[in-house]
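Student: Quick one: structure below, then a few questions.
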């Protein structure tokens, strides 16, 4: 018994020792290990397992607890872990390499091993493979990046337009891009082969392979890049290839690889040959152009010059790369010539435009004149590139121009002589005619015996007839000189014929004739054309018909034939009468100047024979002609067609009005306006207009006074004339804006209604612009625009009449005396105040007398500035008084561009002076009446 106990103790000690050795062995394993029963209850765990899952010292708090359930919360997906563990127990087999993710992100690999026949339970080990998996992911990522980079570089190399190959030290292909071998199978085959093998495979000359081998050795021996041109036969012909061998050496100095490239130069060589051919062609062409042609760089050096510019080939070759200073110094030309050319070249680049100038040379054959043109050329970014220069020998042209100038001066002298004659004739005849007509009007206001009144009427009729002749001659002169311009404005045909009927009604009634007018229903209400000239033509034709018709009627009709689209049409005007008619043999001469049927016609009916000639010229100016159909002693029909656009009521001139009870007039009351104007007549007109609206006006005769007044007085608006003595409008505006910092609105008043004048005034600091002459409504509208916010009302155009036949005309009044001026604007400005009109006329006469003195002074001192200033000051006064005959010479003097030329200016100034005397005489005569 004792022996058995000792044996039991020995076995127990041995068992303990084995357990201890087993526990030590398990603890030494690199994995966390646990032993469980087949039901999953813990038998034992090693330290690494306890650390991994936070178990106690023995690893088991309750040996009856399921270990899978005990540690499931350490896994990211506990349910998955538990499900897979239970499934593994059920199968009863081994499972290695199963991976799970813990809650802290670590990855563990589980090995599930069944011990013996399940009676010994299960061994479950967990190995931390996080670092291993991370390393594997990193390796995989690097391999992916390497693959992508390789694909990228291969793609890039394949997309290059040059051949790229890589050889090893034995001249064997290691790489070739798609440009080198387009066939993928060939690219794959050639790897590891040399050029001899490749050329034999492609059946190409081995001499090329030998050359490449030699170049390969040369690059290795010289350790530098080697380049050469290679010719190869291809299906597209001979190809020129520019090849490079670039050796790459290892750190120890041995050859690592050889990089080869090849660029196809075939197209480039063809282009170079083409360029040479083109250059030769262009040089050949330029050398045969009969004008100097040169090209200069940005420094003024010659890049090219043709044979016309420099005939000596040696000189042409030498001058390339030289400038004009070098050229003039070498060949003995004046330095001033080089300096002038340098200035012009610099100017062309600086101003970025074509520069032209003339050069004069003294040659053995005489003085030669050259016209030079310099055209700058710029790169797309705007930087200068070159100048193309060309020159023409204009010696003959200069001579011709001189002859033409002499001829032109002679012709202009003749025209001026004619104009002076017409002006003198007009003045010399109009002055006594105005006196005769004026006295006749005075006589009409006295008691006269019947025979005396008859004499007076004969005097009046004769004087009026003489004035008509003068007007015909002046119209004919304008037409022949091409100075008559046409308007294109909206007008109403029915109103036009109504005005003609109104004008001629008295004459027709006096002869017992019926005057008929008709506008066809098809005629549009509004047409676009020159109603004044159409009226003049119809008055002339109808007036002639009345003159040469003793009984019956005179009919004026208007018809319309529209175009297919209806936007235009032919307007047919027809004048028919039952008069004396015209003999067939005289019809072809009826439109000649000063032409009448026979002398008896002149004696019986009067006239100069100019009317129909003027009519025909006017119609030709409007693109038409007159058609005549006449039967002797039965009557005449004259008709013409005008192609005119169809308008609308919007094309009719709107009427801008400002009624006396307008709220705007009330709002303008007591507004303070500074009126800066040197012309007393213009100041009075503007002041009167403004006074009607109760505007407080302060006057200033020039800019200096205006600046002084503006410093001490507040104004709501400044109306500023432009051309004034002492200080003009521009200078005054600059002082008010820049030095005084005045923000008061400034509106320019100027007679220069030309393009660009408005922009010039605004850029000078002015706020608005009003051209003279202006109407009362226009002036008040401008004042309202800058001092009020209420717009002025605009009335629509008068509606066109709709009836086919016009209403009977009103009773005719006595035919008015023809005058050289009109007071309609003055009556409107003064609201019918005759004393105001009389004052303004006296002011105008004084300004005319002052203007004549200044004109004489300007001619005496040969001062073009005085002449132009006088004309500029006079022009708006003439417009206000409708003295339109004076406007052409006054405008010509105002717009004179040259310097003082007595021969040209004297006839112009004389004509203005005579016409001024004519107008002044008419005014004084009327005022005396």
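Student: What are the extents of the Cα atoms of region 160-264 along their three principal axes, listed from largest to smallest and rounded to whole Å?
Tutor: Result for region 160-264: principal-axis Cα extents of 44, 27, 26 Å.
Student: Here's a follow-up. When a footprinting reagent is the concern and you count Cβ atoms within 10 Å, what order do 495, 712 take, fewest first? Please list the in-between numbers first.
Tutor: Details: 495 17, 712 6.
Least to most surrounded, the residues fall as 712, 495.
Student: If you don't mind, there's one more thing I want to ask. Cut-off is 10 Å between beta-carbons; in what order do 761, 328 appear when sorted fewest neighbours first?
Tutor: Values: 761 25, 328 17.
Fewest to most other Cβ atoms nearby, the residues stand as 328, 761.
Student: In Å and on Cα atoms, what radius of gyration and Dmax does region 69-150 show?
Tutor: Looking at region 69-150, its Cα Rg and Dmax stand at 16.7, 58 Å.
Student: Give the calculated FRET efficiency between residue 76 and residue 111 to the nearest 0.05, with a Förster radius of 25 Å applied to their Cβ-Cβ distance. If you can, show how the numbers build up before the last one.
Tutor: Numbers: r = 20 Å, r/R0 = 0.79.
So, using R0 = 25 Å, E works out to roughly 0.80.
Student: Taking the Cα-to-Cβ direction at residue 12 and at residue 446 and moving 7 Å from each Cα, how far apart do the two end points lie in nm?
Tutor: My value for the distance between the label points is 18.1 nm.
Student: Could I ask something else about it? Could you compute Rg(Cα) / (2.2 N^0.38 Å) for region 819-929, with N its residue count?
Tutor: On the way: Rg = 14.6 Å, N = 111, 2.2 N^0.38 = 13.2 Å.
Compared with the compact-globule rule of thumb, region 819-929 sits at 1.11.
Student: Now a separate question. What is the calculated FRET efficiency for residue 139 to residue 104, with r their C-beta to C-beta distance and R₀ = 22 Å, to the nearest 0.05?
Tutor: Working: r = 24 Å, r/R0 = 1.07.
Efficiency, from the Cβ-Cβ distance: 0.40.
Student: Something else about it: Can you compute the FRET efficiency between residue 405 and residue 213 using 1/(1 + (r/R0)^6), with r the Cβ-Cβ distance and R0 = 56 Å? Round to the nearest 0.05. Walk me through the intermediate numbers first.
Tutor: Details: r = 83 Å, r/R0 = 1.48.
E(calc), rounded to 0.05, equals 0.10.
Student: A further question on this structure: Using a 7 Å offset from the Cα along the Cα-to-Cβ direction at both residue 265 and residue 928, what is the distance between the two label points in nm, to one decimal?
Tutor: In this crude label model, residue 265 to residue 928 measures out at 10.4 nm.
Student: What whole-number distance in Å separates the alpha-carbon centres of region 837-876 and region 1-58?
Tutor: 137 Å
Student: Can you give the log10 of the normalised intensity I(q)/I(0) at q = 0.12, 0.15, 0.22 Å⁻¹, computed with Debye over equal Cα scatterers of region 20-128?
Tutor: The computed values of log10 I(q)/I(0) come out as -0.36, -0.58, -1.37.
Student: Ok, one more. Length gain on complete extension for the stretch residue 274 to residue 383, per 0.36 nm per residue less the alpha carbon to alpha carbon distance?
Tutor: 36.4 nm
Student: Then there's this: Could you give the distance between the Cα centres of region 690-735 and region 564-584, to the whole Å?
Tutor: So the two Cα centres are separated by 56 Å.
Student: Could I ask something else about it? Stick to Cα atoms and the Kirkwood definition of Rh, then tell me Rg/Rh for region 98-224. Please report the intermediate quantities before stating the final value.
Tutor: Values: Rg = 27.6 Å, Rh = 19.9 Å.
That ratio equals 1.38.
Student: Here's something else I'd like to know. So how far, in whole Å, is the C-alpha centre of region 187-244 from the one of region 878-929?
Tutor: Region 187-244 and region 878-929 have Cα centres separated by 95 Å.
Student: Going by how many other Cβ atoms sit within 10 Å of their own, how do 14, 98 line up, fewest first?
Tutor: On the way: 14 10, 98 15.
Result, fewest neighbours first: 14, 98.
Student: Report the full-extension gain for the segment residue 359 to residue 637: residue separation times 0.36 nm, less the Cα-Cα distance, to one decimal in nm. It would help to have the intermediate numbers written out before the result.
Tutor: Details: separation 278, 0.36 × 278 = 100.08 nm, distance 6.41 nm.
Extra length available between residue 359 and residue 637 comes to 93.7 nm.
Student: Same structure, new question: Can you tell me the order of 910-917, 388-395 when each peptide is scored by its average per-residue count of other Cβ atoms within 10 angstrom, highest first?
Tutor: Numbers: 910-917: 21.2, 388-395: 17.9.
Top to bottom by mean Cβ count within 10 Å: 910-917, 388-395.
Student: Is any residue of region 18-41 close enough, with backbone N under 19 Å, to a label point placed 7 angstrom from the Cα of residue 90 along the Cα-Cβ axis, and if so, which?
Tutor: 38-41
Student: Is region 271-393 rounded, prolate or oblate when judged by the Cα gyration tensor, a ≥ b ≥ c being the square roots of its eigenvalues, rounded requiring a/c under 1.5 and prolate requiring a/b larger than b/c?
Tutor: Oblate shape, in that a/c is at least 1.5 and b/c is the bigger or equal ratio.
Student: I would also like to ask the following. Please list, in order, the residues from region 392-412 whose amide nitrogen is less than 18 Å from a point placed 7 Å along the Cα→Cβ vector of residue 904.
Tutor: So the set is 401-412.
Coordinate-derived values only; no laboratory data. Because the structure is predicted, anything quoted here is derived from the model rather than measured. Here Cβ is always computed from backbone atoms with ideal geometry, including for glycine, and neighbour counts include all displayed protein chains.
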